[in-house]
1. From a point 7 Å beyond the Cα of Asp230 in the direction of its Cβ, which residues of segment 130-166 have a backbone N at a distance under 16 Å?
2. If neighbour count is taken as other Cβ atoms inside 10 Å, put Met282, Met326, Met166 in order from fewest to most.
3. What order do you get for Arg248, Arg432 when you list them from fewest to most C-beta neighbours inside 10 Å?
4. Quick one: Cα centre-to-centre distance for segment 148-189 and segment 1-57, in angstrom?
5. Report the gain in length on full extension from Ala69 to Val6: 0.36 nm times residue separation, minus Cα-Cα distance, nm rounded to one decimal.
6. Once you keep just the Cα pairs under 8 angstrom separated by 6 or more residues, what percentage relative contact order results for the chain?
7. Would you mind counting up the charge near Thr255? Only other residues with Cβ under 12 Å from its Cβ, with Lys and Arg at +1 and Asp and Glu at -1.
8. With each run of n ≥ 4 DSSP H residues scored as -39500 (n - 2.57), what mean residue ellipticity at 222 nm is computed for the chain after dividing by its residue count and rounding to the nearest 500 deg cm²/dmol?
Amino acid sequence: MVEDRVITIGEVQISPDHYIGGRRVSSERTFTDISPIDGRVLGEIAAGSKREVDLAVAAALEAFPVWAALGPRGRLPYLERLAEVIEARVPDLALVETTDNGSLYEASLLRVMKRGGHNIHWFAEFAVEKLRGDEWDTHHRNAHNRVVYHPSGVAALITPWNAPFMLSTWKVGPALAAGNTVVLKPPEWAPLTCSLLADFVEEAGLPPGVFNVVQGIGEEAGEALVKHPDVARLSFTGSVPTAKTVGRNAAENLTPVSFELGGKSPLIVFEDADLDLALENMIEQYDNSGQVCLSGTRILLHASIADDLLARMTAGVAELQVGDPMEFDTDVGPLIHPEHLERVNGFVQRALKDGASLVYGGGPHELGGLYYQPTLFVDVDEDSELFQEEVFGPVLLIDTFETEEEAVRKANHTRFGLAAVVFTRDEARAARVAEAVSAGLVWVNCFYVRDLAQPFGGTKQSGIGREGGLWSFDFFSDIKVITHRHDSFANPTR
Ligand code: NAD
């Protein structure tokens, strides 16, 4: 690291530069990284352009044959070491991520950062166990089929700021385990923990070029990466509008894409539900200041329980502690960036103009800065912007329904389809509703239970494709079938 450019947070030193071919590379231009906690400048980050993207993709391409040839078993020790390094640095990661993106320190320290190491370790072991393909006979043609998974090449990974380390490792893990080399473009509003990941890769001894980071602005560094002809796979997590641009650009080279996008998920509570459990989960939707793609931001309550639950929800929201995310008793930290606060507040002010009724909050918090009041609306028109669009802030709405059919119809009345949350004690109803809602993930009487073996992704405009478990390997591999006629070899190997 070039000493005068190092960013120091607590005792942790972070490079503001790219990581390409196993070394740090700077750029002439930089962009400023601020902390959402108090707006202080954390540092000047290297602003990558086509030049740095070209260098990184070239380095990844050069490293690819050797990494790919190692096979899952040969890659395992490297990735196990990487997971160990990550696990040993969880407290540093939590400190840096909270400082950089304002998410709650307690959650980062106790849960979220640990998932980073687990993402790497789990996929490395899963590859040893599962990246074997399949084989069978086509009897009527006297033939044998064998399916093989080849690493696809350079994987470009682009991630958002709301959980940059966890979401990046969730792509890096399977991409590397499947034998690809990686160029990661971190989010410009929270770039620091992805830079630490490069240090960890170095410490774990991965060969140079296997993992590269290009920092930069989405429209410049991100776009150059998406358009690069040597990128074999593009895995993108972010918003729908950005995905439309990314999709158009990736189409130039027909680069296969995996898109994990936004949501406007329903949280449906039937009259027979455990209402205490439902209420607890309703309030949990303010987690990470509502900056969670999976949030159940449209709460649909059966009319018979709506008054009671609304009153209890309002009291619960009033008790949420807004403040410094480093404090363990804080429930709602700051929003990520002044531009994002403007965006969130714009939705709230337009909802009021559209005739929605405010039950709680409705504007910036008295703490100032990027702190926003947890906000709750009722009387939101189904076709209004607030019902239809992802706010990605601490803004929820409550609506009611009379019948199961109406609940499902309202749940599906958006262009999103990421998740759905259902509370009922009636198992048959749970099954019917889970079947009928348009969503990639449905949680019944629970929320946010994630298992790396599950497929993850959304229907409709919430995404394209699935990652997680074997679905990640399907995406990050070139899958080939080899068919031969039985008894056609002079020297059969088995
Ligand atoms: P965003 O779309 O603005 O940015 C995401 C990433 O794309 C960033 O790294 C950004 O630099 C990059 N980017 C921007 N323009 C680009 C371009 N033209 N070409 C290439 N890259 C470009 O999203 P955000 O504001 O960072 O994140 C919030 C969004 O992410 C929300 O919509 C949220 O729902 C979604 N999200 C989805 C999931 C999921 O798994 N489905 C998880 C987290 C967040």
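Bear in mind that the values in this text are calculations on the coordinates, not laboratory data. Predicted, not measured: the structure shown is a model, and the values here were computed from it. Note: ideal-geometry Cβ built from the backbone for every residue, glycine included; neighbour counts use all protein chains shown.
1. Answer for this model: 152-157.
2. Working: Met282 27, Met326 17, Met166 22.
Lowest count first: Met326, Met166, Met282.
3. Working: Arg248 10, Arg432 16.
So the ranking, lowest neighbour count to highest, is Arg248, Arg432.
4. Spelled out, the Cα-based centre of one part sits 19 Å from the other.
5. On the way: separation 63, 0.36 × 63 = 22.68 nm, distance 3.58 nm.
Stretched fully, the Ala69-Val6 segment lengthens by 19.1 nm.
6. Working: 1114 pairs, mean separation 84.7, N = 494.
It comes to 17 percent, rounded to a whole number.
7. Numbers: positive: Lys227, Arg233, Arg248; negative: Asp230, Glu252.
Within the 12 Å Cβ shell, the charges total +1.
8. Dividing the helical sum by the residues of the chain leaves -12000 deg cm²/dmol.
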